[in-house]
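As structure tokens, the structure follows; a few thoughts come after it.
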Amino acid sequence: ELGIRWWTSLPSPCVLDCADGPPPYLGGMSPPRTAWQRVQQAAGRQMIRLFKRGVHAWQRPAMRRLGVPAIYRRDGSEQVYSDECILALGVPELEFPRRWPAALQFIGPMLHTPHSEHAAPPFVDGARHLLVTAGTHQDWVKPRLAEAAAALARQYPHWQVHVSQGHQHDLSTRAQPLPNLHLLPFVDYARHLPRYDQVLHHGGAGVMYHALCAGIPALVYPLDYDQFDHAARLQAAGAGLWLRRLEDLPALFAHALQADAFPGLPALQASVQRHMAAQSVLDRVASLER
């Protein structure tokens, strides 16, 4: 309404609506290898667009008040993203090939962990450490993750297994069921993730890029939204292994211990470290003054 130029940021570039490439939100599709897969993915892209149009129609009065009379522009781009600048908070090396909108610019991840008063996790000198985390909002799966972590701790007594509950404001301590298993209310990724030798995470954009930046191998157990798409990309890039069922964790963890389990991790780590979003945004804003 005020005629002010506006940009959008996008923490998960994989969800952007494009004319080609694997459609998001459909279980983590990879680039098609056969004609039938290309047909399936074309149908998937149309299904996603039909869903978005349906939600827009359902909320049409509210969307019009927001100045979004249609979900797509005439050129097929999405109205909710700026047509001038979309700051993709990631690195292109992780993404599958697609025809990105001209407005999109990869600027690297924006890594942030809220300040907390939690003590450092109990790291043990000379031991190897595994972090198990499902982020902050997926409490329903955390008891199952804790059980799977306990089974792994029994099988690998020389590993220290830390299970984060993701409760930032919880400062309580819990009884430790095993000497090498620790149930922690919260783990600060920015401060402590580099100390771990491996992480089992849910595929959220934040923890995914924290792990890549630190060069930590990842087992990915996706649960919702874009997490399946991240799992597919990490596995294809050789920087993660997709855990499809918790029952498969012992076998996948054993595979992850092999020397060649993550061949693409060093290159992705280097790319993430080269492209950090804060400086990229500052450079982009400075260019407006020229």
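The values are calculated or read from the model by the stated rules, or taken from the named source; none is laboratory data. This one's a predicted model, so the numbers in the text were calculated from it and none came from an experiment. Cβ placement follows ideal geometry from the backbone for every residue including glycine, while neighbour counts extend to all protein chains displayed. For the accessible areas, the whole protein counts, side chains as well, though only heavy atoms, and no ligand, DNA or RNA atoms are used. Shrake-Rupley method; radii C 1.70, N 1.55, O 1.52, S 1.80 Å.
Computed on the chain, the Cα convex hull volume stands at 169 Å³ per residue.
Every pair of different Cα atoms in the stretch 11-140 enters the Kirkwood calculation, which places the hydrodynamic radius at 18.2 Å. Computed with a 1.4 Å probe on the full set of protein chains, the accessible area for residue 51 sits at about 140 Å². Placing one equal scatterer on every Cα of the stretch 230-290 and applying the Debye formula, the log10 ratio I(q)/I(0) at q = 0.18 Å⁻¹ is -0.73. Taking the average, over residues, of other Cβ atoms within 10 Å as the packing measure, peptides 263-271, 18-26 rank 18-26, 263-271 from highest down. What number, rounded to the nearest 500 deg cm²/dmol, is the helix-based mean residue ellipticity at 222 nm of the chain, given -39500 (n - 2.57) per DSSP H run of at least four residues and division by all its residues? The per-residue figure over the chain is -10500 deg cm²/dmol. The DSSP beta bridges internal to the chain are antiparallel in roughly 5% of cases. Accessible area per residue for the stretch 188-231 is 26 Å², calculated with a 1.4 Å probe on protein heavy atoms, without ligands, DNA or RNA. A viscosity of 0.692 mPa s and a temperature of 37 °C, combined with the Kirkwood radius over C-alpha pairs in the Stokes-Einstein formula, give the stretch 186-287 a diffusion coefficient of 230 µm²/s.
For the stretch 118-258, taking the reciprocal of the average inverse distance between every pair of different Cα atoms yields a Kirkwood hydrodynamic radius of 14.9 Å. Annotation note: GluC sites (Glu not before Pro) in the stretch 48-135 located in DSSP loop regions with a Cβ neighbour count of at most 15 within 10 Å are 84, 117. Round to a whole angstrom and tell me the spacing of the C-alpha centers of the stretch 113-179 and the stretch 47-75. Comparing the Cα centres of the stretch 113-179 and the stretch 47-75, I get a distance of 42 Å.
Protein heavy-atom accessible surface, 1.4 Å probe, per residue over the stretch 32-176: 59 Å². Evaluated at q = 0.13, 0.14, 0.19, 0.25 Å⁻¹, the base-10 log of the normalised Debye intensity for the stretch 1-84, with identical point scatterers placed on the Cα atoms, takes the values -0.51, -0.58, -0.95, -1.32. Largest accessible area first, the listed residues 29, 47 line up as 47, 29 when surface is computed with a 1.4 Å probe on the assembled protein chains. Taking amide hydrogens as placed 1.01 Å from N in the peptide plane, the amide H of residue 106 sits under 5 Å from those of 88, each at least 5 positions away in sequence or on another chain. Across the accessible surface of the chain, with the other protein chains kept in place and a 1.4 Å probe, carbon and sulfur atoms take up 57 percent. Computed with a 1.4 Å probe over protein heavy atoms only, the accessible area of residue 83 comes to about 110 Å². When the residues 224, 75, 125 are ordered by accessible surface, computed with a 1.4 Å probe over the protein chains alone, the sequence from largest down reads 125, 75, 224.
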